[in-house]
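K.L.:
Just dropping this structure here.
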Amino acid sequence: MSTTTLLVRQDQLATTRLLTTEDTALAEGQVRVRVESFALTANNITYAALGGMLSYWQFFPSNEPGWGIVPVWGFGTVVQSLHPAVAVGERLYGYWPMASQAVLSPQRVNAAGFSDGAAHRAGLHAVYNHYLRTGTDGLYRADNEDVQALLRPLFITSWLIDDFLEDQQFFGAKRMLLSSASSKTAYGTAFQLAQREGIEVIGLTSPGNVAFCESLGCYSRVVTYDALDTIDGATPSVYIDFAGSVGLRQRIHAHCTGLAYSCSVGASHVQDLGGAGQLPGPRPVMFFAPAQVKKRHADWGAQGLNERLVAAWNQFSTAVSAGPQPWLVVQHHAGPQATQTLFATVLAGSGDPRAGHIATMRPN
């Protein structure tokens, strides 16, 4: 058997190539998983753009200098097992390489799932190293795997951003400014913020995405990037930056003299990605979701955190799929070449904001 992987140049994300290698024998305690399907969104572009800074390239080393494997969220099936507590045929949700197969070294195995004990992942955050058994996963539903792959990791980040801001009393601000408002992590955050009393949620987007953002119903108003001057800059505000655009960040910091906090989340505008530089107002702070998970584990315990997440997820996943104009329309892409083309499309930031892309490296 062989495994096909999509490799990405770490210093030039638009440069990709496909690599097929013959499978090696498993070591005792390892399992081989067929990666059935995974989501490809702006979130994965963020993983690639910040891969060096936040160690995302280390999860699945390519062993080829300068080339990386972008991590993706989705589902897999165990096809070979040399671990006594993990059976062939088990279906798993978790963090995969953009490849047709993955080899894991399960440890701390329990009814809920296990962690990958591979040596190269030992120092990486546990949130990304954990694999869930779908049979015992409280968020899992067999009839909406695509929605889970697309939105679950993004919504958890959205939920944690909202929770973090509420925990900080919104830094004294009543107005939230969200860039890349049509992106899934942004509108998940807006969905949560819209439920907070007295909070105005302004979505910032390009002209072509205004109608989509307005149709969601979770933004108090939607403003195009070239109309920032229509926003009262003196009002105490929080900027939640999903775009990662250095030019936009500079304009917002200059215009919003009442800016109380600047939260950097994503890099959907990867072609305009840059550092903070010399900015007026608060220094941008990178939001790292696992840190908020760790805090809430301590505050509420694992069960308390999970119960809150399940309730919020059920509400959100229903909202995105309901009505005559669902927020999300799933599109499937099968095969290595189709996945390679899709990566270029998502990297370019083009396409319908309602589209949710599910890919598999396995051919039809």
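The values are calculated or read from the model by the stated rules, or taken from the named source; none is laboratory data. Predicted model only: the values in this text are computed from it and were never measured. Note: ideal-geometry Cβ built from the backbone for every residue, glycine included; neighbour counts use all protein chains shown.
K.L.:
Could you say whether any residue in region 209-217 is modelled with pLDDT of 95 or more, crowded, with 20+ Cβ neighbours inside 10 Å and either touching a Gly at 6+ places or on another chain (Cβ under 6 Å) or of a type in the set (S, T, N, Q) (or both)?
P.N.:
Within region 209-217 (the criterion being modelled with pLDDT of 95 or more, crowded, with 20+ Cβ neighbours inside 10 Å and either touching a Gly at 6+ places or on another chain (Cβ under 6 Å) or of a type in the set (S, T, N, Q) (or both)), the answer is yes, since at least one residue qualifies.
K.L.:
Further, regarding this structure: From Asp116, Asp162, Asp167, grab the single residue that is among the charged types (D, E, K, R), under 21 Å from the mean Cα position of the chain (by Cα) and not assigned by TED's automatic domain parsing to the domain that holds Ala42. Walk me through it before giving the result.
P.N.:
Numbers: Asp116 fails: not assigned by TED's automatic domain parsing to the domain that holds Ala42; Asp167 fails: under 21 Å from the mean Cα position of the chain (by Cα).
Answer to the selection: Asp162.
K.L.:
If you check Ala194 against the conditions, is it surrounded by fewer than 24 Cβ atoms within 10 Å (Cβ to Cβ), at pLDDT below 95 and of a type in the set (Gly, Ala, Ser)?
P.N.:
Numbers: surrounded by fewer than 24 Cβ atoms within 10 Å (Cβ to Cβ): yes; at pLDDT below 95: no; of a type in the set (Gly, Ala, Ser): yes.
So Ala194 fails the test.
K.L.:
Keeping to region 273-292, report how many residues are in contact with a Leu (Cβ under 8 Å, 6 or more places away or on another chain) and at pLDDT below 90.
P.N.:
2
K.L.:
Quick one: would you say Asp352 is modelled with pLDDT of 95 or more and either touching a strand residue (DSSP E or B) at 6+ places or on another chain (Cβ under 9 Å) or within 21 Å of Ile156 (Cβ to Cβ) (or both)? Walk me through it before giving the result.
P.N.:
On the way: modelled with pLDDT of 95 or more: no; either touching a strand residue (DSSP E or B) at 6+ places or on another chain (Cβ under 9 Å) or within 21 Å of Ile156 (Cβ to Cβ) (or both): yes.
No, not satisfied.
K.L.:
Looking at region 9-40, which of its residues are buried (at least 23 other Cβ atoms within 10 Å of the Cβ) and more than 16 Å from Gly335 (Cβ to Cβ)? Spell out how you get there, then give the answer.
P.N.:
Going through region 9-40, the residues buried (at least 23 other Cβ atoms within 10 Å of the Cβ) turn out to be 31, 33, 35, 38-40.
Passing the criteria: Val31, Val33, Ala39.
K.L.:
For region 22-120, list the strands (runs of 3 or more DSSP E) that sit wholly inside it and hold at least 2 residues that are closer than 20 Å to Ala142 by Cβ and aliphatic (A, V, I, L, M); which are they?
P.N.:
Details: elements: 31-39, 71-81, 91-97, 101-104, 113-116.
Because the criterion is at least 2 residues that are closer than 20 Å to Ala142 by Cβ and aliphatic (A, V, I, L, M), the strands (runs of 3 or more DSSP E) in region 22-120 that meet it are 31-39, 71-81.
K.L.:
What tally of residues in region 165-193 results from selecting those that are in a helix (DSSP H, G or I) and either closer than 25 Å to Pro71 by Cα or of a type in the set (Asp, Glu) (or both)? Quick ask: steps written out before the conclusion?
P.N.:
Looking only at region 165-193, we keep the residues that are in a helix (DSSP H, G or I), and these are 165-167, 169-172, 184-193.
The next check asks that each one be either closer than 25 Å to Pro71 by Cα or of a type in the set (Asp, Glu) (or both); those that pass are 166-167, 184-189.
Count: 8.
K.L.:
Something else about it: Assigned to a loop (DSSP other than H, G, I, E, B) and assigned by TED's automatic domain parsing to the domain that holds Phe38 - does that describe any residue in region 329-338?
P.N.:
Kept after step one, since they are assigned to a loop (DSSP other than H, G, I, E, B), are these residues of region 329-338: 335.
Narrowing the set further to residues that are assigned by TED's automatic domain parsing to the domain that holds Phe38 leaves 335.
Yes, some residue in region 329-338 is assigned to a loop (DSSP other than H, G, I, E, B) and assigned by TED's automatic domain parsing to the domain that holds Phe38.
K.L.:
Here's a check for you: in region 226-264, which residue that is touching a Cys at 6+ places or on another chain (Cβ under 6 Å) and buried (at least 16 other Cβ atoms within 10 Å of the Cβ) is nearest to Phe288 (Cα to Cα)? Break it down into steps so the answer makes sense when it comes.
P.N.:
Start the filter on region 226-264 by keeping residues that are touching a Cys at 6+ places or on another chain (Cβ under 6 Å), which leaves 233, 237, 240.
Then drop every residue that is not buried (at least 16 other Cβ atoms within 10 Å of the Cβ), which leaves 237, 240.
Numbers: Ser237: 20, Ile240: 13 Å.
So the residue we want is Ile240.
K.L.:
Of Thr16, Thr24, Thr46, which residue is in the same structural domain as Gly335 (by TED's automatic domain parsing) and within 20 Å of the chain's Cα centre (by Cα)? Before the answer, list the steps.
P.N.:
Working: Thr16 fails: within 20 Å of the chain's Cα centre (by Cα); Thr24 fails: within 20 Å of the chain's Cα centre (by Cα).
Just one listed residue meets the conditions, Thr46.
K.L.:
Applying the selection to region 121-133, what residues are out of contact with any Pro (no Cβ under 7 Å at 6 or more places or on another chain) and either exposed (fewer than 14 other Cβ atoms within 10 Å of the Cβ) or outside any helix (DSSP H, G or I) (or both)?
P.N.:
Ala122, Gly123, Leu124, Ala126, His130, Tyr131, Leu132, Arg133 - these are the residues of region 121-133 that are out of contact with any Pro (no Cβ under 7 Å at 6 or more places or on another chain) and either exposed (fewer than 14 other Cβ atoms within 10 Å of the Cβ) or outside any helix (DSSP H, G or I) (or both).
K.L.:
Moving to a separate point now. Please find, among Ala338, Ala312, the residue that is out of contact with any Lys or Arg (no Cβ under 8 Å at 6 or more places or on another chain) and crowded, with 18+ Cβ neighbours inside 10 Å. Steps first, please.
P.N.:
Numbers: Ala338 fails: crowded, with 18+ Cβ neighbours inside 10 Å.
Only one candidate qualifies: Ala312.
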